[in-house]
Amino acid sequence: MSDKKPGKKPEGPAAIHCKVKACKHSPSKFEFCAEHFDQFKFGLINKHGEPCMDFEKKQEQYEHFKHPHKKHA
Ligand SMILES: [Zn+2]
């Protein structure tokens with residue numbers, strides 16, 4: 001006996017939007033879109049999608065992290 005119906009995923013009460021309020025992307029991981037998940041991993045935003053205290057400072061570091069081989073013109 002099996003209740004499994006292959007091919008159909010159960011649709012839970014998962015978020016339909018990225019946790020970051022201003023963001024309209026659909027979530028990819030941990031209710032963040034791919035971009036904001038990276039920011040969360042980096043510590044730019046907390047798990048609620050809110051910017052951390054030194055957000056601006058970290059944002060610079062994040063840009064370097066995202067583009068580590070940026071060439072100078
Ligand atoms: Zn997002």
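Every read-out reported here was derived from the displayed coordinates using simple, explicitly stated rules and does not represent laboratory data. All of these numbers come straight from a predicted model, not from anything done at the bench. Ideal geometry is used to build each Cβ from the backbone, glycine not excepted, and the neighbour counts take in all protein chains shown.
Whose amide H sits under 5 Å from the amide H of Lys19, counting only residues 5 or more places off or on another chain, with H placed in the peptide plane?
Phe32, Cys33
To two decimal places, what compactness ratio does the range 17-73 give when its Cα radius of gyration is scaled by 2.2 N^0.38 Å?
Details: Rg = 12.1 Å, N = 57, 2.2 N^0.38 = 10.2 Å.
So the range 17-73 has a normalised radius of gyration of 1.18.
Excluding Lys29 itself, what net charge comes from residues whose Cβ is under 14 Å from its Cβ, given Lys and Arg +1 and Asp and Glu -1?
Working: positive: Lys19, Lys41, Lys47; negative: Glu31, Glu35, Asp38.
Cβ neighbours under 14 Å give a net charge of 0.
Roughly how many nanometres apart are two label points built 7 Å out from the Cα toward the Cβ at Asp54 and His25?
Result for the modelled spin labels: 2.5 nm.
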